[in-house]
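The values are calculated or read from the model by the stated rules, or taken from the named source; none is laboratory data. Note that the structure is a prediction, hence the values are computed from the model and not measured. Neighbour counts run over all protein chains shown; Cβ positions are idealised from the backbone, glycine included. What goes into the accessible areas is simple: the full protein's heavy atoms, side chains included, and nothing from ligands, DNA or RNA. Shrake-Rupley method; radii C 1.70, N 1.55, O 1.52, S 1.80 Å.
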Amino acid sequence: MQIIGSAMHRVDARDKVTGHAKYTEDLIGPHTLVAKVLHSTIANGMVTAFDLEEAWSVPGVVDIVTCFDVPDIQFPTAGHPWSTDKKHQDIADRKLLNTRVRCYGDDIAAVIAENEIAAANALRKIKVQYEEHAPILTVEEAMKSTAMPIHEERPDNIVVHSSYEIGSFEEASKEPGLIRVEGTYETPIVQHCHIEIANSFAYMEAGKIVVVSSTQIPHIVRRICSQALGVGFGDIRIIKPYIGGGFGNKQDALTEPLNAYLTTRVGGRPVKLAYTREETFACTRVRHAMEFHIVSYIRPDGTFAARSIDAYSNQGAYASHAHALVANAVNGFRMMYPVGAIKGNAYTVYTNLPTAGAMRAYGIPQIGFAMEAHVDDIVSRTGFDPIGFRKRNMMKLGYVDPITTITCHSTGLEECIEKGSRHIGFAEKRMRYAAQTGPLRRGVGMAIFCYKTGVYPISLETSACRMILNQDGSAQLQVGATEIGQGADTVFTMMAAETAGFTPDKIHLISTQDTDVTPYDTGAYASRQTYVSGMAVKKTAESLKTKILAYAGKMLHKDPWDLDIKENQVVHRNQEKSLIPVAEVALEACYSLTDSNHIAAEETHHCSDNTYAFGVCFAEIEVDIPMCTIKVLDILNVHDSGRIINRQTAEGQVHGGMSMGLGYGLTEFLKFDPKTGRMLNDNLLDYKLMTAMDTPELHAAFVEPEDPTGPFGNKALGEPPIIPVAPALRNALLNATGVAVGSIPLNPEKLFFEFSKAGLIR
Amino acid sequence: MANKLITCTINGKKKEYFVDVRSSLMEMLRGSAGLDSVKHGCDVGECGACTVLIDGLPYNSCIYLAIWAEGKTILTLEGLSDVKGAISDIQQAFIDEGAVQCGFCTPGFIMSSIPIITSEHPYGREEIRKQIAGNLCRCTGYVKIVDAIEKTQKKRIRERQES
Ligand code: FES
Ligand code: FES
């Protein structure tokens, strides 16, 4: 193998540096109608009436649709594979447009017009009457027995409550001599901020509804559109071109179901529905805010005897991915330190805030912050060494999770920790920084994580791939898994080339997914592409190779079993000398007058395994106490993602995740007006994501134990890099100042409050 | 609303367009001129995805009225490749350094980097970061983007010194 593990350039890089890469908005034709959604200006209540007269009088208006006109169908939006088991189906709790308003900015009507200006003008002229109720914005309020139900199907506003217990927490916590540490930790609502906004356009062709959309999950969106409109799966066709980032937001049906419906209202004429940046913030999905209460009992030898966690997840207005995230979080709590008795309790609660959905690492950045902050609270109170304590309690090779049965097939976590701690000089600096005085203080901090690569056994993992041999000996590679910037197309090309014995330039990957022709895959989410879809690619390339060799065997009068393909040449197994180029075999196979055979392969991989990726972040910071600011002096993530398929794209993933983690830890949060529930910083100026100036130099390193279950020894990488950054920063702040902050972001406002409380500033 | 005839130079060619006086330069470039590298990420001057050069300086074309372009010289990403499709050194550096992920911010970053790589001043990494701080990228963490710009500007300074 020489292709896997190299730093091959991205297959789509040239298109992207020349402007040739076409994204959804670049594909919209000139005579496309423009749709805009009317969003509610209350957070909780009912639409009682519309006055549309003035809106209809705007020249260029083609149609106005309100919540009273749409099909009376409730549908789910989460990008999960559909479950044929009713109990496990996603919650169907919204309509295309909603009469019952559940958040500020809920979709209540839509205008279709000949151009942007007419659509915007008409939207402004719609008058709405509401029956208004006070918004319920916090989990605490929503869980009060007197709270108004946000969905009638869930009168107590609890979407789901789940719990587990490994051993007996009660019993285990009675052991004599235990040290009890308790803490409450909170994480904020943040947004994905993909630079391409949420958008789509829809039209009808050949009796079907076609939606071209910036989505991570074309096949799932097809199913959701069919459910929302009450038509067959086959009546919908989704096309996904290049997309400008998703990070989980586009792992949900966003504009597509409504847009699919709107084109049917205008006889199948093309309709574009592109959200503004402000709508993308307030009306798509956000990351769940979570609150955790953790109690730990520790033995004098530094092992956990018993732990419990109570977790509350703010779901916002609609279920979307719902309980899956907080369930993932409390499961992660158990898996990272699977020692002693463990008890978990998790609630997902409806409120009148924007709907929370999937976002990079799916609940684990939340628990990662809480758990790793808690571990440092333990070591700072007990005097245990932070690395020693973690090593004693963390997951080891061979661990089998008692509930999900997910097994630790490989781990390089210990090596990751050693590598990172050497880089930063952790032990020495931690001692040195422990007792500083003065306005500028330094600190070092660390945090570890484990992360499940795919979604098995919680959900179905299935992926298909197709390869078609061309007459010149090159091959099309078609996958249902989507490129969303993470580099999937590049690693699939590498995997196919490596397996088939082709050079990568002979693999023509089809980047666009079209549900009418693309093999099935559930899409880009979890960190499943290289692991699950990668295996489908490997199997398909093997099958293609077998078929090529069978034909070559006939041509050469040799047993195909003795043959192999190396660098586009058919060779004797274990030999280099070319017997015949693949191109010649391909040409003959296509045009032979006696034996024409269009060589193609298609395979499905139904994955029934999963594996843990691991990693650590080490950070060194300088805290300016009077200014209440944190400057990151050095930061490093070390990952065990198994074998690295492409070093350059892998580093890129780590950098991007770290940058997002820095924002999560230091600056990002969405703010809401407590009176109305309206989002106050729904734009890229007031919402502080990292700019080039805010981001320090980022360091990425890998340890590469081969995972026996990955197609090439590989494990999850796309999501994990965000996880350990915020807690590492928070723990560095604890080292620098002795102040244990229980929430993020660690922005000046919060630090002022915390430093004042601790008496560091007056 | 009135339309107006605008004459300007785009990517080296004289162009004339009738534009709605309310429309932005971004709309004119994406719409009338068909230059899709000019990306639409916010419409309000926050993200930098729509960055183009106007008389040599980077602007957010979404908050620059099309009618202000009268008589101006505009360069978009399309103008960096030659007619045969050969790409410029800065584009190649973005490929080589792995500075591209989803690619949506890429045209804007490359355009913002032109004044840096054509300057006589040797920009340090911190200065480069400051110059590109108006362009947002959610994918890369900026490191490899800074690498690509730094490498290209060093190469160009070297080339100038050699010639
Ligand atoms: S689209 Fe112009 S700055 Fe964002
Ligand atoms: S590469 Fe995706 S936003 Fe920069």
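Overview of results
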| read-out | value |
| --- | --- |
| So B:Thr140, is it open to solvent by less than 10 Å² (accessible area, probe 1.4 Å), within 13 Å of another protein chain (Cβ to nearest Cβ) and outside any helix (DSSP H, G or I) | yes |
| Counted residues, the stretch A:274-294 - those being in a strand (DSSP E or B), more than 14 Å from chain B (Cβ to nearest Cβ) and of a type outside the set (Val, Ile, Thr) | 5 |
| Lone qualifier among B:Ala86, B:Ala148 - being within 10 Å of chain A (Cβ to nearest Cβ) and of a type outside the set (Val, Ile, Thr) | B:Ala148 |
| Subset of the stretch B:114-137 that is open to solvent by less than 10 Å² (accessible area, probe 1.4 Å) and away from ligand 1 (no atom under 16 Å from the Cβ) - its residue that is nearest to A:Val654 (Cα to Cα) | B:Arg129 |
| For A:Thr351: the one exception among (1) of a type in the set (Ser, Thr, Tyr); (2) more than 16 Å from ligand 2 (Cβ to nearest atom); (3) closer than 20 Å to A:Lys250 by Cβ | (3) |
| A:Glu415 vs. criteria open to solvent by 50 Å² or more (accessible area, probe 1.4 Å), free of Cβ contacts under 8 Å to residues at least 40 places away in the same chain, more than 14 Å from chain B (Cβ to nearest Cβ) and assigned to a helix (DSSP H, G or I) | no |
| B:Gly56 being more than 16 Å from ligand 2 (Cβ to nearest atom), open to solvent by 30 Å² or more (accessible area, probe 1.4 Å), of a type outside the set (Asp, Glu) and on the phi < 0 side of the Ramachandran plot | no |
| Selection within the stretch A:660-679 - within 30 Å of B:Ile145 (Cα to Cα) and away from chain B (no Cβ under 12 Å) | A:Tyr664, A:Gly665, A:Leu666, A:Thr667, A:Phe669, A:Leu670 |
| Lone unmet requirement of (1) within 8 Å of chain A (Cβ to nearest Cβ); (2) buried (at least 21 other Cβ atoms within 10 Å of the Cβ); (3) in a helix (DSSP H, G or I) for B:Met111 | (1) |
| Condition check for A:Lys250: under 18 Å from A:Arg528 (Cα atoms) and within 14 Å of chain B (Cβ to nearest Cβ) | yes |
| Test: residue in the stretch A:178-186 that is touching a residue at least 40 places away in the same chain (Cβ under 8 Å), in a loop (DSSP other than H, G, I, E, B) and crowded, with 23+ Cβ neighbours inside 10 Å | no |
| Subset of the stretch B:54-83 (residues that are outside any helix (DSSP H, G or I), within 24 Å of B:Arg138 (Cα to Cα) and at the interface with another protein chain (Cβ under 8 Å from one of its Cβ atoms)) | B:Thr76 |
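Here's the yes/no breakdown for (1) within 14 Å of chain B (Cβ to nearest Cβ); (2) buried (at least 24 other Cβ atoms within 10 Å of the Cβ):
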{"position": "A:Thr604", "(1), (2)": "no, no"}
{"position": "A:Phe614", "(1), (2)": "no, yes"}
{"position": "A:Phe618", "(1), (2)": "no, yes"}
{"position": "A:Met627", "(1), (2)": "no, no"}
{"position": "A:Asn637", "(1), (2)": "yes, yes"}
{"position": "A:Arg643", "(1), (2)": "no, no"}
{"position": "A:Gln648", "(1), (2)": "yes, no"}
{"position": "A:Met658", "(1), (2)": "yes, yes"}
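Conditions tested, residue by residue: (1) within 14 Å of another protein chain (Cβ to nearest Cβ); (2) among the hydrophobic types (A, V, I, L, M, F, W, C); (3) over 19 Å from A:Val221 (Cα atoms).
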| position | (1), (2), (3) |
| --- | --- |
| A:Ile4 | no, yes, yes |
| A:Thr18 | yes, no, yes |
| A:His39 | no, no, yes |
| A:Phe50 | no, yes, yes |
| A:Val58 | yes, yes, yes |
| A:Ser83 | no, no, no |
| A:Arg94 | no, no, no |
| A:Arg102 | no, no, yes |
| A:Ala109 | no, yes, yes |
